[in-house]
Amino acid sequence: MIKKESRNSMRVARHERIRQTMMGTSAVPRLCVFRSNTGIYAQIIDDETRTTLCSASTLDKDLKIKNGSNVEAAKVVGKSIAEKAKAAKITKVVFDRGGYLYHGRVAALAEAARENGLEF
C-alpha cells in the first residue's frame, strides 16, 4: 500500500528548504505568511534578534473581517501589515511565502502590501 504524504508536511518541507537560504535582518526583515482554513496571518520578523517587529491577521478586531478565508480578507491584511511596517519605519522586506504557492490569498496579501508601500 502506497502512503501519500500529507499536503501540510510537504508544505513544511518546502518552507524549511526556502528558509535555509532566506533570512531577515534588521535592515531588511522577513515578511512571513501563514495561511489556515479560517484566516491568514502575516508577521515581519528580524531573524538576527529573533523578534517580531509587527504583525497583522484576520483575527485583528480593528480590521472587522467577517470571513477570514478569502482573497478580500488577505488584501485587507496586506494593507494592514504595510501600514504597520510604515509606522515602524520599515520599507524593504524579504517575502517568505511559507511553502505555499504564490497564488490566491498569498499573492493577494503580497500585492496589497506592495501597493501600500512595502518593497520586495
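The values are calculated or read from the model by the stated rules, or taken from the named source; none is laboratory data. Since the structure is predicted, the reported quantities are computational estimates derived from the model, not experimental observations. Glycine gets a Cβ as well: all are built from the backbone with ideal geometry, and neighbour counts include every protein chain shown.
For residue 65, indicate whether it is modelled with pLDDT under 95, of a type in the set (A, V, I, L, M) and exposed (fewer than 12 other Cβ atoms within 10 Å of the Cβ).
no
Out of the residues in the range 68-113 that are in a loop (DSSP other than H, G, I, E, B) and of a type in the set (Ser, Thr, Tyr), state the one that is surrounded by the fewest Cβ atoms within 10 Å (Cβ to Cβ).
Among those that are in a loop (DSSP other than H, G, I, E, B) and of a type in the set (Ser, Thr, Tyr), it is 102.
Looking at the structure I just gave you, is residue 65 over 26 Å from residue 14 (Cβ atoms) and β-branched (Val, Ile, Thr)?
Judged against the criteria, residue 65 is a match.
Give the number of residues within the range 15-48 that are under 20 Å from residue 86 (Cα atoms) and not aliphatic (A, V, I, L, M).
10
Quick check: anything in the range 46-65 under 24 Å from residue 19 (Cα atoms), of a type in the set (S, T, N, Q), in contact (Cβ under 8 Å) with a residue 12 or more places away in the chain and out of contact with any strand residue (DSSP E or B) (no Cβ under 6 Å at 6 or more places or on another chain)?
Yes; the residues of the range 46-65 include at least one that is under 24 Å from residue 19 (Cα atoms), of a type in the set (S, T, N, Q), in contact (Cβ under 8 Å) with a residue 12 or more places away in the chain and out of contact with any strand residue (DSSP E or B) (no Cβ under 6 Å at 6 or more places or on another chain).
Kindly evaluate residue 97 against the criterion of being at positive phi and of a type in the set (Lys, Arg).
Judged against the criteria, residue 97 is not a match.
Can you tell which of 40, 2, 18 is touching a Lys or Arg at 6+ places or on another chain (Cβ under 6 Å) and not acidic (Asp, Glu)?
40
Report, ordered by the first and then the second residue, all pairs with beta carbons closer than 9 Å, sequence separation of six or more or different chains, a first member in the range 91-110 that is of a type in the set (S, T, N, Q), and a second member that is in a loop (DSSP other than H, G, I, E, B) and surrounded by 13 or more Cβ atoms within 10 Å (Cβ to Cβ).
Going by the 9 Å Cβ cut-off, the qualifying pairs are 91/117; 91/118.
Residues that are among the hydrophobic types (A, V, I, L, M, F, W, C) and surrounded by fewer than 13 Cβ atoms within 10 Å (Cβ to Cβ): does the range 5-13 have at least one?
yes
Only one of these conditions is not met by residue 105: (1) basic (Lys, Arg); (2) farther than 25 Å from residue 14 by Cα; (3) within 13 Å of the chain's Cα centre (by Cα). Which number is it?
(2)
For the range 70-102, which residues satisfy the criterion of being among the hydroxyl-bearing types (Ser, Thr, Tyr) and closer than 22 Å to residue 15 by Cα?
Those that are among the hydroxyl-bearing types (Ser, Thr, Tyr) and closer than 22 Å to residue 15 by Cα: 100, 102.
If you check 57, 80, 26, which single one turns out to be at pLDDT below 95 and at negative phi?
26
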